[in-house]
Amino acid sequence: MKSEEEISRRRGEVSGAVTYEWLTQAEAARFHKDPDNFKPLRASSLVGQQQQRLSDEREGLFSVIDEFNLWRSKPELAEAVAAIKALTAVIQRSEATTMMGLEIDLKKASEALKAWDETSISLSAGCDLFMRYVTRTSALEYEDIVAGKARLIERGEKFGEISLKARQTIALLGKDFVQDGSTILTHGCSRVVLALLKLAASNGKHFHVICTEGRPKNSGVEMANQLLSAKIPVSLIIDSAIAYTMEKVDMVLVGADGVVESGGIINMIGTYQAALVAHSMSKPVYVAAESYKFARMYPLDQRDLPLAPCYVHFPGALPESVIAEVSTRDYTPPKYLTLLFTDLGVLTPSAVSDELIQLYL
Amino acid sequence: MGAAMPDLQAAVDDFCTKLRRRQVEGSMDTAKFTALLLRQVISHQRIPPSAQASTLIDAVKSVGLRMIDANRLELAIGNVVRRVLHIIREEDASLETDGVTGINLITDSDDENDGYNIAQSGVSAAAVAAANRSALRAPSLHNLLEWIPSSGATTTVGPTITDPEVRSRSSDKNSRSWKLKHSVIEGVNELLNDIENYHSQVAEQALEHIHQNEVILTQGRSRTLLHFLLEARKKRSFQVFICEGAPRYDGHILAKELAEADLQTTVITDSAVFAMISRVNMVIVGAHAVMANGGVIGPVGLHMVALAARRHAVPFVVLTGLHKLCPLYPHNPHVLLNDMRSPSEILDFGDVSDCLDDTTGGPRLRAVNPAFDYVPPELISLFITDSGGHNPSYLYRLVAEYYSPEDFAL
């Protein structure tokens, strides 16, 4: 009757006081007992209730996504920061009358945002951190909802401010590490790295940047354009030429999609390669990452990462039996990283897990 | 501020002059005198009833900056100044916990406001990072009873606990400033004690690391090292190879001291390290300064010894005191923190004066005499400090414990 597929899809769904599985089993039992007079239990009233609740939720959910898209329309804003701003707005607009209700609203909105882009680590890490930060306050014990809400909004705005200013802070901290006359290799197009390099250049440092092409997304060209507009001399190399150019490179500077518990980073595919080559030639590898990218994950190998596939174009016709590797991210273990520039300060990879514990506990 | 001030100024000036003329050298002596002077500054400083901690901090900072400028190579001076500032901040914070709450959040938001005007006011990035850290951290004891935004809501939670203290607040202020001064001076006394006695603390751990019939290699001369080896000698018998440490040849003096203490010593040249390293069980050295990433600044030639040790899988152990731990990173160690000494230690002027002719476009012969070497953290196996043995990757914890991030950029 109910297909296996539908059961597994709706597993755990609750209507009334029972789960969907229980309902299907009960219906199956009734059917087998009396096949001729069987009438499905999913009466219109029950369905109606569920549908009503779903549409209510979707109503609230839409406003979160709308708010999120509103913030995202600003090109300089990172996805996670837009999510944080949207969640603060959810608190403001929430009509819950108790603190628990407010928390539930927030949780639902956070889930919706995370579902919007499941591959983005910074988005889900940012939402999680926001939830922990905002709800970790004694304001939750206040009986007065107005005061409690005001407190939560205040904390939400503080978190939003810190995250917004994070790029600036990182640029200020990291600019001293750029030496005059040095050559910097960068991989991928990171706005934090751009901000850092632009600030160093505006402070009168002269340096040369080598951008990798960054297949399959070809981010290197974008990065090169941005750097040229800040009058920084740029070279472009293909990804395979990293080892070839590494001997004249003084340091490697990359951004991160996410920073994991071990102190390693998840970044565009090819970062691990660059870090390995740099390590073998004793060049320092610096990472510029904001604190909301710290995620509670501990990948043990490259397969442990959340999947983020994309279409890779290979020139010429590819026979069907050839499987193309379509992952766009890799994990760089902490032993290949020298230092991380974050808005919480300059950290060694071993200090990252300490900071994570402080943020999450 | 009183008749004591001119004396204090004179003492500070005198110390700065001594530092500039290199009459006071070495991390322990400079650290000790710095701590003594700062203790005097604190005890003479008159504290207004409000903003007590910040007056002390400003006073210590102004004196500290002068001392640091006198000799930028002695990182121990900056370390001690930062330690004292950290003590002041901590004592202030712990007094807040005992006293009335509700005022401390203002200090939090002050830091933040500074952070908002990064571009204009030029407040250091490290201070902003510190403010971010303290804002994002889990609420500590003194944040539990929080200030509630005045949106018309009555403060029903919290104040009931603090009511009896609220009444006596005004009379508390004077005793509070006395308490702050007293506890800060106690803290500085502890710091002085630590600085003076770190030799014995480090030496206590000698027996755990040196075993019977081992061969130890060392370089240069270090008081800590001497005490360490002598302590181990009391119960174990072992051999020591000493690199002479050209051009100062400190190794010769250390060799004599060790031989007098009945230890089998061998003196080798610095260039012979690679030849002898395969016969060595462990390398133990002292350090001039330790950086926040675990890198070590030591006497010139130390990097070679570290590389030799790594090549032959010999553990490289560094003895250090906590006052040598600097919370800064070495951006460009070979240039920034090296002391170029007189070339006469290498070449006698009389021998080469004809090559130093300036008329044909500059001297043809140059002698470079750097005093320090930077050893990167990957080459170091263990740090033995007065608080125990630590991995180089653990140093960030010690830095976080003993220093406040607001003081990193003085």
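How many of the residues in the stretch A:266-295 are away from every other protein chain (no Cβ under 14 Å) and loosely packed, with under 14 Cβ neighbours inside 10 Å?
0
If the Cβ limit is 6 Å and pairs must be 6+ apart or interchain, which residue in the stretch B:276-296 that is away from every other protein chain (no Cβ under 14 Å) pairs with which residue that is outside any strand (DSSP E or B) and among the aliphatic types (A, V, I, L, M)?
If the second residue must be outside any strand (DSSP E or B) and among the aliphatic types (A, V, I, L, M), the pairs left are B:277/B:308; B:280/B:314; B:283/B:309; B:283/B:314; B:286/B:225; B:289/B:75; B:296/B:287.
In the stretch A:125-139, which residue that is out of contact with any Gly (no Cβ under 9 Å at 6 or more places or on another chain) and at pLDDT 75 or above is farthest from the other protein chains (Cβ to nearest Cβ)?
Per the stated criteria, the residue is A:127.
Would you check which residues across the stretch B:46-58 are of a type outside the set (Asp, Glu) and either in a helix (DSSP H, G or I) or crowded, with 21+ Cβ neighbours inside 10 Å (or both) and list them?
B:52, B:53, B:54, B:55, B:56, B:57
Please tell me if residue A:208 is surrounded by fewer than 19 Cβ atoms within 10 Å (Cβ to Cβ) and modelled with pLDDT of 90 or more.
yes
With (1) closer than 28 Å to residue B:385 by Cα; (2) assigned to a helix (DSSP H, G or I) as the list, and residue B:6 as the residue in question, which single condition is left unmet?
So residue B:6 meets the others, but not (1).
Within the bounds of the stretch B:177-190, is there any residue that is closer than 30 Å to residue B:264 by Cα, modelled with pLDDT of 90 or more and surrounded by fewer than 18 Cβ atoms within 10 Å (Cβ to Cβ)?
Scanning the stretch B:177-190, I find no residue that is closer than 30 Å to residue B:264 by Cα, modelled with pLDDT of 90 or more and surrounded by fewer than 18 Cβ atoms within 10 Å (Cβ to Cβ), so the answer is no.
For every residue, the table says whether it meets (1) touching a Pro at 6+ places or on another chain (Cβ under 8 Å); (2) buried (at least 17 other Cβ atoms within 10 Å of the Cβ); (3) among the β-branched types (Val, Ile, Thr).
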{"position": "B:6", "(1), (2), (3)": "no, no, no"}
{"position": "B:21", "(1), (2), (3)": "no, no, no"}
{"position": "B:82", "(1), (2), (3)": "yes, yes, no"}
{"position": "B:91", "(1), (2), (3)": "no, yes, no"}
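Given the residues B:32, B:18, which is the only one that is under 27 Å from residue B:90 (Cα atoms) and charged (D, E, K, R)?
Answer to the check: B:32.
Take the conditions in contact with a Lys or Arg (Cβ under 9 Å, 6 or more places away or on another chain) and either assigned to a helix (DSSP H, G or I) or surrounded by fewer than 22 Cβ atoms within 10 Å (Cβ to Cβ) (or both) and apply them to residue A:169. Does it pass?
no
Are any residues in the stretch A:86-135 touching an Asp or Glu at 6+ places or on another chain (Cβ under 8 Å) and outside any helix (DSSP H, G or I), and if so, which ones?
Answer for the stretch A:86-135, where residues must be touching an Asp or Glu at 6+ places or on another chain (Cβ under 8 Å) and outside any helix (DSSP H, G or I): A:94, A:96, A:117, A:120.
Could you check residue A:157 against (1) surrounded by 18 or more Cβ atoms within 10 Å (Cβ to Cβ); (2) within 12 Å of chain B (Cβ to nearest Cβ) and say which number it fails?
(1)
Any residue at all in the stretch A:331-347 that's within 21 Å of the chain's Cα centre (by Cα), more than 26 Å from residue A:219 (Cβ to Cβ), within 14 Å of chain B (Cβ to nearest Cβ) and not basic (Lys, Arg)?
yes
Just need a number here: residues in the stretch A:260-296 that are more than 20 Å from residue B:329 (Cβ to Cβ) and either part of a helix (DSSP H, G or I) or without any contact (Cβ under 8 Å) to a residue 60 or more places away in the chain (or both).
Final tally of qualifying residues: 10.
I'd like the residue in the stretch B:337-354 that is surrounded by fewer than 14 Cβ atoms within 10 Å (Cβ to Cβ) and closer than 14 Å to residue B:370 by Cα and, out of all such residues, is nearest to the chain's Cα centre (by Cα).
Per the stated criteria, the residue is B:340.
Applying the selection to the stretch B:302-318, what residues are surrounded by 19 or more Cβ atoms within 10 Å (Cβ to Cβ), under 14 Å from residue B:375 (Cα atoms) and either in contact (Cβ under 8 Å) with a residue 40 or more places away in the chain or within 14 Å of chain A (Cβ to nearest Cβ) (or both)?
Scanning the stretch B:302-318 gives B:302, B:305, B:306, B:309, B:316, B:317, B:318.
For the stretch B:275-306, which residues satisfy the criterion of being in a helix (DSSP H, G or I) and in contact with a Lys or Arg (Cβ under 8 Å, 6 or more places away or on another chain)?
Passing the criteria: only B:277.
Can you work out which of the residues in the stretch B:27-45 that are of a type in the set (A, V, I, L, M) and within 19 Å of residue B:7 (Cα to Cα) is surrounded by the fewest Cβ atoms within 10 Å (Cβ to Cβ)?
For the stretch B:27-45, the residue satisfying everything is B:36.
Please work out if residue B:225 is under 26 Å from the mean Cα position of the chain (by Cα) and assigned to a helix (DSSP H, G or I).
yes
The values are calculated or read from the model by the stated rules, or taken from the named source; none is laboratory data. Note that the coordinates shown come from a computational prediction; the quantities given were computed from them, not determined experimentally. When we count neighbours, we look across all protein chains shown, and the Cβ atoms used for this are built from the backbone with ideal geometry, even at glycine.
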